[in-house]
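Below is one structure, written out as structure tokens, with a few remarks after it.
All of the numbers you see were taken from the coordinates with simple rules; none came from a lab. The structure displayed is predicted, hence computed values, not measured ones. Glycine also receives a Cβ, built like all others from the backbone with ideal geometry; neighbour counts cover every protein chain displayed.
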Amino acid sequence: MVFSSHLFIFYFLPIALTLYYVTPHRFRPLLLTLLSYLFYGWANPAFVLLMLFSTGVDYFMGLRIASGQRMAESDRATGQRMQRRALAISIVTNLALLGFFKYANFGIDSYNDLLSVLGWADARWDMALRITLPLGISFYTFQSMSYTIDVYQGVARPVRNIVTFACYVSMFPQLVAGPIVRFREVADQLEQRSHTLEKFARGTAFFSLGLAKKVLIANPCGHIADTCFDAGSVTTMDAWYGLAGYSFQIYFDFSAYSDMAIGLGLMLGFVFPKNFDSPYHAASITEFWRRWHISLSQFLRDYLYIALGGNRRGAARTYANLALVMLIGGLWHGASWNFVIWGGIHGAMLALERLQGKANVYRHLPHGLRVLLTFAIVSLAWVFFRATTLPDAWTYLSALFGIDGDGASAGLLRGILYQPYYLGAILLAAGITWGAPQTWDFTRELSWPKALWCSLMLVLAIAALVTQSYNPFIYFIF
């Protein structure tokens, strides 16, 4: 079930909110958990069992870590050993689940490709069945695992009530595409949170603007991108047009989901962290990663980069850590060498900027040009993110720089792509990206004009939803 669907907007959400507000406070965690399981298991109920398993492991390992902490007061060595074992079980279990369901097919395909290159095709491992990727597993395994790490580090209290913990892991607003909410950020809210008209109104505004960004901007930009990337051969102008479409699609698609998730959280009394901070305003790749998918950036920084030593072990180790974290970040996004290369590009740029010192690689350029250059680098890296295969990525890059691509179907493509509707979507996306306030800031203080604007956007988005058959959520597949 996706937020931008009739099923969610007209049925699930009204029923969920009604049940939530008529339910006594002490039963709301259980209700939210059950609603979230229904939301998550709508397409495939078997996926709920997987999430329940991960939830159960981390819940009991959190209690085990707490027991080890108490034991350490009298027997330090035994207590610490108990804590380390419990943490290891949590991390290994979650990474094993993620690794099997997300990377097994990729590993087998890479193994078979290597054997083919070596001339040992007879030793290939052919599988009749493929492993299905459960929706949101990249998000909820990270979120659940962060709980045991935080308890181990002493920055979060262990949860005694398993329903409370299950509610934290499964909350439907941010379950399948983030933001990645760490337990310490909502621990107190799970026990006690305020429900006010002001908070609900801001949540409704967040959801309305997010739905409008998704349906009115991301979807038409996505159509442009799909048409160009799937054409096989495009002219240089069309290639850049398609790349701009994808750059805007992925931003508005993902930030729209985050807006809607934050808005739904506010409707339920939760305050989730900000996940986007105008990333295309960034004047360097370092700044970009402070603004893009903030919850993932902070997760990788706190639980991986710092654990690897961060910048405390010399310059060479720092650059290696940056590169490794971004390579892993790329692989987290998808089981493909394309994503590894995408992560490698960002890792190399982060290391270069740190080597130069505070992005001095751009020091001779005015701020506006630094922003444009950063956007160009990010967009070129998106080619590997969007292309289906590595050869497809190279073909598209060749078209971008006029090296290849005869554009045999250019006339047909332009008849489709350069209609006023799609050109308007690109211009609107650019105008909002660099000229409009963020949803976070726009909804901070609501006035009647703002409320009417949000209402209009909601009506237009729903009206457009009726006519659109193209309605993907990019990050659902990660």
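Some points to look at:
- Cβ-placed point charges (K, R +1; D, E -1), dipole of the chain about Cα centre in debye, nearest 20: 1620
- Projecting the Cα positions of 458, 349, 22 onto the charge dipole of the chain (unit charges on Cβ atoms of Lys, Arg, Asp and Glu, taken about the Cα centre) puts 22 furthest along the positive direction.
- Lys pairs under 17 Å by Cα in the chain, provided they are eight or more residues apart or on distinct chains: 4
- Taking the chain and dividing mean pair separation by its residue count, relative contact order in percent (alpha carbons under 8 Å, at least six apart): 18
- Its residue count N sets the reference 2.2 N^0.38 Å, and the alpha-carbon radius of gyration of the chain equals 1.02 times that reference.
- For the range 213-304, trypsin sites (Lys or Arg not before Pro) meeting the loop criterion (DSSP other than H, G, I, E, B) and having at most 16 other Cβ atoms within 10 Å: 274.
- Taking all Cα pairs closer than 8 Å and separated by 6 or more residues, the relative contact order of the range 6-192 comes to 29 percent.
- Approximate spin-label separation residue 49-residue 18, in nm, with each point projected 7 Å along Cα-to-Cβ: 3.3
- Residue 92 paired with residue 313, simple spin-label distance in nm, labels 7 Å along Cα-to-beta-carbon: 2.2
- Each of 221, 167 was scored by other Cβ atoms within 10 Å of its Cβ. Arranged with the fewest first, they read 167, 221.
- Phi-based couplings in Hz for the range 264-277 (Karplus 6.51, -1.76, 1.60; Gly and Pro marked x): 5, x, 4, 4, 9, x, 8, 10, 8, x, 5, 10, 9, 9
- Of the residues 318, 6, 159, the one whose Cα sits farthest towards the positive end of the charge dipole of the chain is 159 (charges of +1 on Lys and Arg Cβ, -1 on Asp and Glu Cβ, taken about the Cα centre).
- Within the chain, the longest run free of GluC sites (Glu not before Pro) that sit in a DSSP loop with at most 12 other Cβ atoms within 10 Å is 74-444.
- Remark: the range 453-468, residue by residue, has Karplus-estimated 3J(HN,Hα) of 4, 4, 5, 4, 4, 5, 5, 5, 5, 5, 4, 5, 4, 5, 9, 8 Hz, where x stands for each Gly or Pro and the curve is 6.51 cos²θ - 1.76 cosθ + 1.60 at θ = phi - 60°.
- Value in Å of the Kirkwood radius, where the range 208-288 supplies the Cα pairs that are averaged: 14.0
- Averaging Cα coordinates gives a centre for the range 1-50 and one for the range 166-202; these two points are 14 Å apart.
- 17 Å cut-off, amide nitrogen to a point 7 angstrom out along residue 164 Cα→Cβ, residues in the range 242-284: 270-271
- Counting neighbouring Cβ atoms within 10 Å and putting the fewest first, the residues 195, 223, 367 line up as 367, 195, 223.
- Gyration tensor (alpha-carbon) shape descriptor, the range 150-202, a/c threshold 1.5: prolate
- Average projection area in nm² (convex hull over Cα atoms of the range 6-192, one quarter of hull surface): 14.3
- Cβ-Cβ FRET estimate between residue 403 and residue 468, R0 fixed at 30 Å, reported to 0.05: 0.30
- With a Förster radius of 22 Å applied to the C-beta separation of residue 455 and residue 193, the computed FRET efficiency comes to 0.25.
- Between residue 114 and residue 390, the modelled label-to-label distance comes to 1.2 nm, taking each label 7 Å out from Cα in the direction of the beta carbon.
- Residue-averaged [θ]222 nm for the chain, counting only DSSP H segments that reach four residues, each worth -39500 (n - 2.57): -22000 deg cm²/dmol
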